[in-house]
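Worksheet: the structure to be examined is printed underneath.
The values are calculated or read from the model by the stated rules, or taken from the named source; none is laboratory data. From a predicted model like this one, the values you see are computed outputs, not experimental measurements. We place every Cβ from the backbone using ideal geometry, glycine too, and count neighbours over all the protein chains shown. When the accessible area is computed, the model is the full protein with side chains, heavy atoms only, and any ligands, DNA or RNA have been set aside. Shrake-Rupley method; radii C 1.70, N 1.55, O 1.52, S 1.80 Å.
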Amino acid sequence: MDAAVAGQHARRRIRPPEPLVMAGSPSTPAAFRCPISLEVMRSPVSLPTGATYDRASIQRWLDTGHRTCPATRLPLASTDLVPNLLLRRLIHLHAATLPPSPSPEVVLSQLAAAGGEPAAAEKAVRSLAAKIAPEKGKRASVASAVAADLDSAVPALLSFAKGGAGADARVDAVRILATVAPELVPYLTGDGTEKRGRVRMAVEALAAVLSADGVGEDTKEGLIAALVAGDLGHIVNTLIAAGANGVMVLETILTSPVPDADAKTAIADRSELFPDLVRILKDAASPAAIRCMAAAVQVRGRPARSSMVRAGAIPALALAVAAAPTAVAESALGLLVEAARCTDGKAAIGTDAAEVAAAVMGRMIRVGPAGREFAVAVLWLSCCAGGGDRRMREAVASAPEAVGKLLVVMQGDCSPSTSRMAGELLRAVRMEQERKGLAAAYDSRTIHVMPY
């Protein structure tokens, strides 16, 4: 092969350099995504281990009690979060190369059209959430777009918040709802022409916003201020009629520092408040109903305790103590303590002595320390204080392993006052058992203590 032909072959093998241009739709580098949420980081921060996360995601990780790095699993010497300014700058530069994002109105139409496609719905929610980030400054435009079509936008966001693909995305949906939550308050004060579905939608959205950890306290307080500034009587009636979600909103109002004492008193003094709460508790076993009753008692004290008892709360609370999850059972025990502090309450507990004693004794060692102290206080107030009630003493003495359970509480880590009350209860129970011939001596068999 001569030199000319060899040169031609060499030229064919040499490839020209590729042009250094960005692609039309550059892919997002993996380093820009949070290892927890797998989304592009909005506010990247670094842990002492060197790993970087989005601030919202890692803060939720730390707030749940974790003290390790999610990526490396190494223990954290400190939980200080250091802003990664370089990475944040690179993310912003990368975002500038992307096509312009669609308007909030377009994204909302995409969310409504997503239907049963979680991926498409999540993409739309993420896009809206990115726009309401403080650094974007587009919160007002998103709120305006959602407010322009509340009847379709709010149900779509609520549907995603309840069944979205990821926890972070569900929080984002609620944060978007929070931008328009005050616009939903007039739905609660309509003149009767509002459709029931719209009222239910508004109450569900308000409950989601007020109970969400991802919504700021300033936003929640502004929403509560809007609620109490309207026709409060009408709003309370609407919330009660809406069931468990409405009661959740009402409980938030009663426990918030925003309303003044007069507004809270007006709610707690509503004649049908406790009957309605007892009905909701019986129908839906609603923890919010128990918390709302507790909040009303905290506001009004003795009058509220009497109203609660007259409404027939004792049997419903006893059922909650016996069958509800631990946290709800402890709240119900706390309300039974409040009831036992008044004459009407002690009499009502005596009337349902068998049910109350069985529920309290059966749950006494299957709740936390606070629940055990509530249980002892209920029994002491109804069996011993002021002479006690004979029916309750008989019911407690007849409960299985009553003596042993009281001894377990006394030997545990309880307060001195609880130990004293348990001791007095123990003597009363032993005397009642001996009087009735139920026990000749203490049976020291081991009692099975369930974990709580």
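Values for this structure:
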quantity	calculated
Residue tally, condition touching a Lys or Arg at 6+ places or on another chain (Cβ under 7 Å) and of a type in the set (Lys, Arg), over the stretch 356-391	0
Search result, residues across the stretch 390-406 that are assigned to a loop (DSSP other than H, G, I, E, B) and surrounded by 16 or more Cβ atoms within 10 Å (Cβ to Cβ)	Ala399, Glu401
Within the stretch 354-389, considering residues that are among the charged types (D, E, K, R) and surrounded by 17 or more Cβ atoms within 10 Å (Cβ to Cβ), the one nearest to Val337 (Cα to Cα)	Glu373
Residues satisfying the stated conditions in the stretch 77-109, i.e. in contact with a Leu (Cβ under 6 Å, 6 or more places away or on another chain) and closer than 11 Å to Thr49 by Cα	Thr79
Hits in the stretch 287-307 - residues which are within 17 Å of the chain's Cα centre (by Cα) and either of a type in the set (Lys, Arg) or buried (at least 23 other Cβ atoms within 10 Å of the Cβ) (or both)	Ala288, Ala289, Ile290, Arg291, Cys292
Tally, over the stretch 267-277, of residues that are crowded, with 20+ Cβ neighbours inside 10 Å, over 18 Å from Ala207 (Cβ atoms) and either of a type in the set (S, T, N, Q) or under 21 Å from the mean Cα position of the chain (by Cα) (or both)	0
Residue within the stretch 103-120 that is part of a helix (DSSP H, G or I), at pLDDT 80 or above, open to solvent by less than 30 Å² (accessible area, probe 1.4 Å) and more than 17 Å from Thr219 (Cα to Cα) present	no
Hey, Val409 β-branched (Val, Ile, Thr), modelled with pLDDT under 90 and part of a helix (DSSP H, G or I) or not	yes
Residues of the stretch 52-78 that turn out to be assigned to a loop (DSSP other than H, G, I, E, B), surrounded by 13 or more Cβ atoms within 10 Å (Cβ to Cβ) and touching a residue at least 24 places away in the same chain (Cβ under 8 Å), as a count	4
Condition met for Val40 (among the hydrophobic types (A, V, I, L, M, F, W, C), open to solvent by 100 Å² or more (accessible area, probe 1.4 Å) and at pLDDT below 90)	no
Residue within the stretch 338-348 that is open to solvent by less than 30 Å² (accessible area, probe 1.4 Å), over 20 Å from Ala399 (Cβ atoms) and among the aliphatic types (A, V, I, L, M) present	no
Residue tally, condition outside any loop (DSSP other than H, G, I, E, B) and at pLDDT 50 or above, over the stretch 9-31	2
Verdict on Leu250 being touching a residue at least 24 places away in the same chain (Cβ under 8 Å), among the aliphatic types (A, V, I, L, M) and either touching a strand residue (DSSP E or B) at 6+ places or on another chain (Cβ under 7 Å) or crowded, with 23+ Cβ neighbours inside 10 Å (or both)	yes
Which listed residue is open to solvent by 20 Å² or more (accessible area, probe 1.4 Å) and either at pLDDT 90 or above or of a type in the set (A, V, I, L, M) (or both), from Lys282, Lys220	Lys220
Test: residue in the stretch 294-308 that is of a type in the set (D, E, K, R), assigned to a helix (DSSP H, G or I) and within 19 Å of Ala242 (Cα to Cα)	no
Single residue of the stretch 32-48 satisfying the filter (of a type in the set (A, V, I, L, M) and part of a loop (DSSP other than H, G, I, E, B)) that is farthest from the chain's Cα centre (by Cα)	Leu47
